[in-house]
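Trainee: Got a structure here, written out as structure tokens. Questions coming.
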Amino acid sequence: MKKTLFLLILLALSAPAQKKTIFPTQGKAPAEFNTGMVHVAVLSRSERQITTNFLFEKGSRNSWHYHPEATQVLMVLNGEAYYQEEGKPKQLLHKGSVITTAPGVHHWNGATPWSNAECITVSDIIPDKQHAVQLRKVTEEEFNCPITYESLIVRLAEIKVYPQYLKEYLTFANEVDKVSVEQEPGVICLFPMQSAEDSTEIHILEIYASQEAYQHHIQTPHFQKYKQGTLHMVKSLKLPSMQPLDPGTMKKIFKKQRQ
């Protein structure tokens, strides 16, 4: 009995991400109207309403679409998701986020590049009307465009390095900063600076898209290589969190850099 229980626990822990839900998301959404791996299950349906469970794997999303004469409510159960309406900025949604889409509004939603997203939609069904009108797929440019900045994690790391390890530490730091910014969509900025008065004092401006993006970052192999490789080099480390005073201007700064 104990052996059987142990095997069941192992199987549960090793189950794929899409199975870790209380809803039956076994069905794969059609590739014609989706990008990436999207799992879907209809939980209930009546003449007036349909409730659907979606599990978007990292980087996946549905196409631009709209619901004629029908209102839809989107609720995020787990992970972080994107949502965008035509003519408006893309939004970053978290567990507990609720979005109401008005009838006829062109929109799309999906997972972020760094997190799966599980959602439920509750939609009206209008007799003699098509439930969803599919438009075109979301482009890579649209998917990767900057998000709104309400959820940014901003920090200014203060690091003191032992003088004998300074050159070696800078090699580690430059490598992890470069790889993180290039490979992780949720790492918006890692900007290292060296004090002009004391070269062993390093300050790094860190900006992450969200708390989940930061948690993903610190678990990556390149960050762990940096962390473990420099433990003996760092004399002191402070990681104070900062609060942007003007998120609107910050958005303009990043937009200006793309011009």
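The values are calculated or read from the model by the stated rules, or taken from the named source; none is laboratory data. Since the structure is predicted, the reported quantities are computational estimates derived from the model, not experimental observations. FYI the Cβ positions are ideal-geometry reconstructions off the backbone, even for glycines, and counts take in every protein chain you see.
Trainee: Report yes if some residue within the stretch 125-145 is part of a strand (DSSP E or B), among the polar types (S, T, N, Q) and within 24 Å of R61 (Cα to Cα); otherwise report no.
Mentor: Going through the stretch 125-145, the residues part of a strand (DSSP E or B) turn out to be 133-134.
With among the polar types (S, T, N, Q) added as a condition, the list becomes 134.
If we keep only those that are within 24 Å of R61 (Cα to Cα) as well, we get 134.
Yes, that holds for at least one residue.
Trainee: So which residues in the stretch 59-116 are aliphatic (A, V, I, L, M) and under 19 Å from H217 (Cα atoms)?
Mentor: Just the residues of the stretch 59-116 that are aliphatic (A, V, I, L, M), to begin with: 70, 73-77, 81, 92-93, 98-99, 102, 105, 111.
Answer for the stretch 59-116, where residues must be aliphatic (A, V, I, L, M) and under 19 Å from H217 (Cα atoms): A81, L92, L93, A111.
Trainee: Is it the case that some residue within the stretch 51-66 is β-branched (V, I, T) and in contact (Cβ under 8 Å) with a residue 60 or more places away in the chain? Break it down into steps so the answer makes sense when it comes.
Mentor: Keep residues of the stretch 51-66 that are β-branched (V, I, T), which gives 51-52.
After this cut, where a residue has to be in contact (Cβ under 8 Å) with a residue 60 or more places away in the chain as well, the list is 51-52.
Within the stretch 51-66, one or more residues are β-branched (V, I, T) and in contact (Cβ under 8 Å) with a residue 60 or more places away in the chain.
Trainee: Moving to a separate point now. I'd like the full set of residues that are among the hydroxyl-bearing types (S, T, Y) and modelled with pLDDT under 85, limited to the stretch 21-37. Before the answer, list the steps.
Mentor: From the stretch 21-37, those among the hydroxyl-bearing types (S, T, Y) are 21, 25, 35; that's our starting set.
T21, T25 - these are the residues of the stretch 21-37 that are among the hydroxyl-bearing types (S, T, Y) and modelled with pLDDT under 85.
Trainee: Quick one: is T139 farther than 21 Å from V40 by Cβ and of a type in the set (S, T, Y)? Spell out how you get there, then give the answer.
Mentor: Numbers: farther than 21 Å from V40 by Cβ: yes; of a type in the set (S, T, Y): yes.
The answer is yes for T139.
Trainee: Being buried (at least 19 other Cβ atoms within 10 Å of the Cβ) and in contact with an Asp or Glu (Cβ under 9 Å, 6 or more places away or on another chain) is the filter; apply it to the stretch 51-63 and report the residue that is farthest from S115 (Cα to Cα).
Mentor: N53
Trainee: I would also like to ask the following. I'd like to know if the stretch 64-71 contains one or more residues that are over 25 Å from D128 (Cα atoms) and touching an Asp or Glu at 6+ places or on another chain (Cβ under 9 Å).
Mentor: Applying the first criterion (over 25 Å from D128 (Cα atoms)) to the stretch 64-71 yields none.
No, because not a single residue in the stretch 64-71 is over 25 Å from D128 (Cα atoms) and touching an Asp or Glu at 6+ places or on another chain (Cβ under 9 Å).
Trainee: Taking the stated definitions as given, is E206 surrounded by 14 or more Cβ atoms within 10 Å (Cβ to Cβ), among the charged types (D, E, K, R) and not assigned by TED's automatic domain parsing to the domain that holds P113? Lay out the reasoning, then the answer.
Mentor: Details: surrounded by 14 or more Cβ atoms within 10 Å (Cβ to Cβ): yes; among the charged types (D, E, K, R): yes; not assigned by TED's automatic domain parsing to the domain that holds P113: yes.
Here the answer is yes, as E206 does meet what is asked.
Trainee: If you go through the stretch 58-96, how many residues are within 20 Å of F23 (Cβ to Cβ) and out of contact with any strand residue (DSSP E or B) (no Cβ under 6 Å at 6 or more places or on another chain)?
Mentor: 2
Trainee: Continuing with this model, one more query. Any idea which of Q194, Q164, Q183 is within 16 Å of the chain's Cα centre (by Cα), in the same structural domain as P244 (by TED's automatic domain parsing) and either free of Cβ contacts under 8 Å to residues at least 40 places away in the same chain or surrounded by 14 or more Cβ atoms within 10 Å (Cβ to Cβ) (or both)?
Mentor: Working: Q194 fails: within 16 Å of the chain's Cα centre (by Cα); Q164 fails: within 16 Å of the chain's Cα centre (by Cα).
The conditions single out Q183.
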